[in-house]
Amino acid sequence: MIDGARYGHTNLIARDWRALARFYQDLFGCTPVPPERDFRGRDLERGSGIARAELRGVHLRLPGHGPSGPTLEIFNYNVLEERPRTAVNRPGFGHIAFVVDDVEAARQAVLSAGGRSVGDVVTLTNAAGARLTWTYVTDPEDNVIELQSPAK
């Protein structure tokens, strides 16, 4: 095990980092962790492997874990690669999940804010025997979000 390891943040690269940050603030109660980030120069180029890289964005504190909890880092590079079609079964990072009181109401809020539906709202019994209602939606930039009820 790596000494001192602890979870820090998850990163999303956005086309419009300000709009995407507002989405997560408005719908899920994420809060900005100042300062906004604005990086460029040789160290960013060397670290990212991108020539003439410029990076701007913000960290948002995720809800439910207190003032020192993990963050969602939303950044934009000055040069972006094309994005493949969103798929929940693509290898690699798949989605971010939020536990909500009412999955259908949260789904409607996401859709009204520019997200889209990926699948239906379903209720399954998990391996521990608890019932869990969940669905996949996307944010306005097509990143997958799982909305799930507390397990009952």
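We did not get these values from a lab; they are worked out from the coordinates using the rules stated. In this text, all values refer to a predicted model and were calculated from it rather than measured experimentally. Note that each Cβ is placed from the backbone with ideal geometry, even for glycine, and that neighbours are counted across all protein chains shown.
Structure notes:
- Amide H contacts under 5 Å for Gly115, placed H, 5+ residues apart: none
- Whole-Hz ³J(HN,Hα) from phi, Karplus 6.51 cos²θ - 1.76 cosθ + 1.60, for region 39-53, glycine and proline x: 10, 6, x, 4, 5, 5, 4, 5, x, 8, x, 10, 5, 6, 5
- Selection from Val118, Ser48, Ala105 lying farthest towards where the dipole of region 46-152 points positive, charges on Cβ: Ser48
- Distant-in-sequence amide H partners of Glu36 (H built 1.01 Å from N, under 5 Å): none
- Region 17-24 - phi-based ³J(HN,Hα) in whole Hz, Karplus 6.51/-1.76/1.60, Gly and Pro as x: 5, 5, 5, 5, 4, 4, 4, 5
- Between Leu80 and Ala113, the FRET efficiency from the beta-carbon distance, with R0 = 30 Å, is close to 0.85.
- Annotation: the antiparallel percentage among DSSP beta bridges lying fully within region 1-129 is about 75.
- Of all DSSP beta bridges in region 96-148, antiparallel share, percent nearest 5: 75 percent
- Take the Cβ atoms of Glu54 and Thr10, set R0 to 22 Å, and the FRET efficiency comes out at 0.55.
- Chymotrypsin sites (Phe, Trp or Tyr not before Pro) restricted to region 60-95 and DSSP loop, no more than 15 other C-beta within 10 Å: Phe93
- If the chain linking Val88 and Arg42 were pulled fully straight, counting 0.36 nm for each residue of separation and taking away their Cα-Cα distance, it would gain 13.0 nm.
- Taking each DSSP H run with n ≥ 4 as -39500 (n - 2.57) and averaging over every residue of the chain yields -5500 deg cm²/dmol at 222 nm.
- Span from the region 14-33 Cα centroid across to the region 49-127 one, whole angstrom: 10 Å
- Neighbour cut-off at most 16 other Cβ (10 Å), DSSP loop, GluC sites (Glu not before Pro), region 62-112: Glu81, Glu82
- Each Lys or Arg adds one and each Asp or Glu subtracts one; over the other residues with Cβ under 11 Å from the Cβ of Pro84, this totals 0.
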